[in-house]
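Scroll down for the structure; my scribbles are underneath it.
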Amino acid sequence: MRKSAIALTVLALSQPAAASPPRDRAAILETIGRMESAWNRGDFRGYMAGFKSPDVVFVSGGKFQQGWQGTLDHYVRDYGGSEERRGHLHFYNMKVDLLAPDAAMLVGQYRLVRGARVTEGVNTRLFRKVHGKWLITMNHVSAYDVTSPTAPEAH
């Protein structure tokens with residue numbers, strides 16, 4: 001009996017600490033919230049803090065970006081310079097599925113209003129817990145332009 005208790009203790013101590021699904025989901029959603037805020041104040045580096053550097057896989061418009069730096073360069077080139085060019089970003093309808101203690105998938109929608117141009121789309125994001133921090137390691141975006149800037153606001 002004593003040997004089995006010792007064996008169970010050793011087995012329990014050798015297992016990784018159990019994940020806290022509510023806490024992990026909240027941490028992932030907080031990361032997305034910080035990214036949205038950073039974008040809306042024109043802080044592309046702050047936005048990119050949610051992505052694993054340097055080797056995030058980022059797919060948008062049917063093309064791969066070149067890792068973390070290539071993605072940052074894309075944002076600065078295509079959205080930088082002015083508030084109207086950058087627009088106002090809002091993420092919504094986010095669903096987080098914890099796949100393992102260190103892996104999660106987020107599927108959510110976004111709306112980007114840039115003057116008269118309104119874009120909506122879907123993000124599929126694989127998060128990994130790296131050194132205790134949830135980071136996006138793979139991001140896939142599909143988007144479409146909404147024909148009218150007066151379309152109902154997404155919530």
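The values are calculated or read from the model by the stated rules, or taken from the named source; none is laboratory data. Since we're looking at a predicted model, the values are computed, not measured. In this analysis, Cβ positions are derived from the backbone assuming ideal geometry, glycine residues included, and neighbour counts consider all displayed protein chains.
Tabulated data
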{"read-out": "Restricting the stretch 75-96 to residues that are touching a helix residue (DSSP H, G or I) at 6+ places or on another chain (Cβ under 8 Å) and part of a helix (DSSP H, G or I), the residue that is surrounded by the most Cβ atoms within 10 Å (Cβ to Cβ)", "value": "86"}
{"read-out": "Meets criteria (assigned to a strand (DSSP E or B), modelled with pLDDT of 95 or more and surrounded by fewer than 14 Cβ atoms within 10 Å (Cβ to Cβ)) for residue 99", "value": "yes"}
{"read-out": "Residue match in the stretch 59-74 (condition: in contact (Cβ under 8 Å) with a residue 24 or more places away in the chain, within 24 Å of residue 21 (Cβ to Cβ) and assigned to a strand (DSSP E or B))", "value": "no"}
{"read-out": "Filtered residues of the stretch 35-52 (kept if part of a helix (DSSP H, G or I) and surrounded by 14 or more Cβ atoms within 10 Å (Cβ to Cβ))", "value": "35, 36, 38, 39, 40, 44, 46, 47, 48"}
{"read-out": "Residue selected from the stretch 108-130 under the condition among the charged types (D, E, K, R) and farther than 25 Å from residue 26 by Cβ, by the criterion surrounded by the fewest Cβ atoms within 10 Å (Cβ to Cβ)", "value": "117"}
{"read-out": "Qualifying positions in the stretch 53-74 - closer than 16 Å to residue 143 by Cα and either exposed (fewer than 14 other Cβ atoms within 10 Å of the Cβ) or touching a Leu at 6+ places or on another chain (Cβ under 6 Å) (or both)", "value": "61, 62, 63, 64"}
{"read-out": "Complete set of residues in the stretch 74-92 that are touching a strand residue (DSSP E or B) at 6+ places or on another chain (Cβ under 9 Å) and aliphatic (A, V, I, L, M)", "value": "89"}
